[in-house]
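As structure tokens, the structure follows; a few thoughts come after it.
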Amino acid sequence: MYWTRTLIPTMKETPEGAEIPSHVLMLRAGMVSQVMAGAYTYLPLGFRALKKAERIIREEMDAAGAVELAMPAMSPRGLWEQTNRVAAFGDVLIQLTLNRPGRKVNVVLNPTHEEIITDLVTRQINSYRQMPITLYQMTSKFRNEERPRFGVLRTSEFLMKDAYSFDASIESLHKSYDAMYKAYCRIFDRAGLDYLPVEAESGPIGGDASHEFMIPAENGEDSVLHCPSCGYAANQEKAEIGAREAAPSDVAQKPLTKIPTPGAHTIEQVSAFLKCKPHKLIKTLIYVADGQPIAVLVRGDHEANEGKIRRACSSLADRLATVGTAASTGKIEKLELASPEVIENVTGAPVGFAGPVGMKEKIPLLVDRDVAGIVNGIAGANEAETHVVGVNIHRDFTPDLLADLRNAVDGDPCPRCSGKLGLRHAIEVGHVFKLGTKYTAALGAKFLDADEQLKPIIMGCYGIGVNRIIAGLFETSHDADGIVWPMSLAPYEVVLTPVKVPDEPSMKVANDLHDQLTAAGIDVLVDDRDCRAGVKFKDADLIGVPLRVVIGDRGLKEGKLEVKWRWDKNAEKIDLANAGQTLIDLIRRERADNARFRARGQ
RNA sequence: CGGGGCGUGGCGCAGUCUGGCUAGCGCGUCUGAAUGGGGUUCAGAAGGUCGCAGGUUCGAAUCCUGUCGCCCCGACCA
């Protein structure tokens, strides 16, 4: 390709509004152009990179035995009502009403495709002999994000590779999942990403039923906890916490004392008012679990973790009888923070003054393990404008359950070894999940097994955010001059830079090399713009072409060309005579050695 | 949803508080010339309903009202 025949609108200045590196670089390198908040046009350069990422994914999915198909962007809303996901997605789900002659049709723009594929499978798969099978597609997904941001990292429309496995048994699902997990590792390796597979919330299957593939990056929206000693890694929702510090036994327990705390109803206000550290406070949160109010106690400086609370509730299922499904299934359907009215009813005090001591109504008390380490703590008194100090567990209140109920934080003990967990921000690029029968049961996808029994199909789902592979890469793989691509994703692998453009001999060399390299299957860009060499060098660095070949008078006179890798400081010379073959060899070697890209510390 | 910032040629900005000549500057673009290895130089040129709509005024980019759009931060944590 010749620069003057394509569209690569590079920019010297950073457009207003772009802040994070990937956004700035994609705009400046002329890869994308914004249409509206959360929607971008991929310009030729960005599009080529996207296509390369797609190709890697396809190759690895095919190699893993998955089969490609394509599902539509729209589907009937009714399908989503059957799985209760119209409510689950809420405003994120984009709904449209189509006018057809004499009627209206309610449709949604698919945010993912579990419903559609399961609907397909319901009709097409009915025997264990047809499984296992993994189907995948690479299509646009639509999500009305509450706040699109960070350039192309969070957009309303994005390209996703989504795969779905269908198995006749759990054992078989484990194998399908494993195949996808390994394929994902190969994909991200080939894409040159420094990624981290982390454990994630696993839903009904439990155990290691879900992993996210994360790129550690400062601007990532997700938080992961990682133990450098043993390699344990999990996202913040999932991360377990090792043994906690016990309460110091040498500190005398003080008597329980009520003190007025007018106007102080947040942890911050109370700790400021009483001049104490937030970790001396006991935060009392009132949740409603399937209609049953419960109290959750965590340390003032900690955050409650709803996933962990759910699991804890399950072990208390008999105490959470009543309206919900907990009693029958042991699982909590709905868990939410209580409304101010419920809080007043339960505690007898307005919001902000709840505490474990002297609550008006006797409700289950779930206590985080770290609260057990607080001696002479401070809590709400269940009385307006009042707290109690000198609160001690077991003496002043009795937990119904002592469990891990909070989010892990930086420096927490590792659950697997004696190390400490480190908190890192990360960008999620992939997610693999053992779904089980959630969708197949709801949509009636059953099969006849070898034992002549009708059983629900067991499902897994596997997603990759294709745009995020590109944007995520840039968050870490750049320098002051611009993008640094791995060969595998670079829109062009080599740029030929004739120093003087209206110059017959230089252009002849450039054209010949272009044809020769193109014939060898290499992506070549010739910067045939009639402008100064400096401009071309700056742009080549900005768009990050891995290999640059300078064709200038100086070299031509001595029969040499100058070649320079984007990540090397220095250039080297090659003979003009067999330059084509030399370049082909250089590029093929670099392609084969993608691992080196990561090793360079990009 | 709450808070903050911003909309002026393709891009980045000044001008707005304190209304007043023909709306400026840099980059880019076009023409010509010189130059030609890390964002050249000179000369000339094109390109703007100052986001949009109403209002105030002799007069509005500037003041008022409304509206649209973009960016950032925060969101049940008691």
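Bear in mind these aren't lab numbers, they're just calculated from the coordinates by the rules spelled out. What you see is a predicted model; the values in this text were computed from it and never measured. We place every Cβ from the backbone using ideal geometry, glycine too, and count neighbours over all the protein chains shown.
A compact table of results
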quantity: Cβ-derived FRET efficiency at R0 45 Å, A:HIS394 paired with A:ASP91, nearest 0.05; calculated: 0.50
quantity: Under-5 Å amide H pairs with A:GLY544, H placed in peptide plane, nonlocal only; calculated: A:ILE483
quantity: Net charge of Cβ neighbours under 12 Å - reference A:ILE267; Lys, Arg +1; Asp, Glu -1; calculated: +1
quantity: Antiparallel bridge percentage (DSSP; both residues within segment A:89-244; nearest 5); calculated: 95
quantity: Selected from A:THR497, A:VAL92, A:TYR177, residue furthest toward positive end of dipole (chain A; charges at beta carbon); calculated: A:THR497
quantity: Local electrostatic count, A:THR10, Cβ distance below 13 Å [Lys/Arg +1, Asp/Glu -1]; calculated: 0
quantity: Coordinate range along principal axes, alpha carbons of segment A:373-423, Å, largest first; calculated: 42, 22, 17
quantity: Formal net charge of residues neighbouring A:HIS478 (Cβ-Cβ distance under 11 Å; K, R +1; D, E -1); calculated: -2
quantity: Ranked list, fewest to most other Cβ atoms within 10 Å of each Cβ, for A:TRP567, A:TRP485; calculated: A:TRP567, A:TRP485
quantity: Over chain A, relative contact order from alpha-carbon pairs under 8 Å, at least 6 apart, %; calculated: 17
quantity: Filtered trypsin sites (Lys or Arg not before Pro), segment A:492-584: DSSP coil and at most 13 other beta carbons within 10 Å; calculated: A:ARG532, A:LYS569
quantity: Inter-centroid distance (Cα atoms) of segment A:345-387 relative to segment A:563-593, Å; calculated: 69
quantity: Segment A:GLN130-A:ALA571, extension gain: residue separation times 0.36 nm, minus the distance between their alpha carbons; calculated: 153.1 nm
quantity: Among the listed pairs A:LYS536/A:LYS569; A:LYS334/A:LYS438; A:LYS308/A:LYS360; A:LYS161/A:LYS434; A:LYS283/A:LYS308, those beyond 19 Å (Cα-Cα); calculated: A:LYS308/A:LYS360
quantity: Chain A: calculated mean residue ellipticity at 222 nm from DSSP helix runs of at least 4, using -39500 (n - 2.57); calculated: -8000 deg cm²/dmol
quantity: Charged-residue dipole, Cβ positions (Lys, Arg, Asp, Glu), chain A about Cα centre, Debye nearest 20; calculated: 280
quantity: Debye intensity ratio I(q)/I(0), log10, chain A, q values 0.05, 0.06, 0.09 Å⁻¹ (C-alpha model); calculated: -0.31, -0.43, -0.87
quantity: Binned Cα-Cα distances of segment A:26-96, short to long, each 10 Å bin given as a whole percent; calculated: 16, 25, 31, 27, 1
quantity: No Cys partner within the rule (Cβ under 4.7 Å), chain A; calculated: A:CYS185, A:CYS276, A:CYS313, A:CYS461, A:CYS531
quantity: Size of electric dipole in segment A:423-476: Cβ of Lys, Arg +1 and of Asp, Glu -1, about Cα centre, debye, nearest 20; calculated: 180
quantity: Sparsely packed trypsin sites (Lys or Arg not before Pro) within segment A:209-293, loop by DSSP, other Cβ within 10 Å at most 10; calculated: A:LYS275
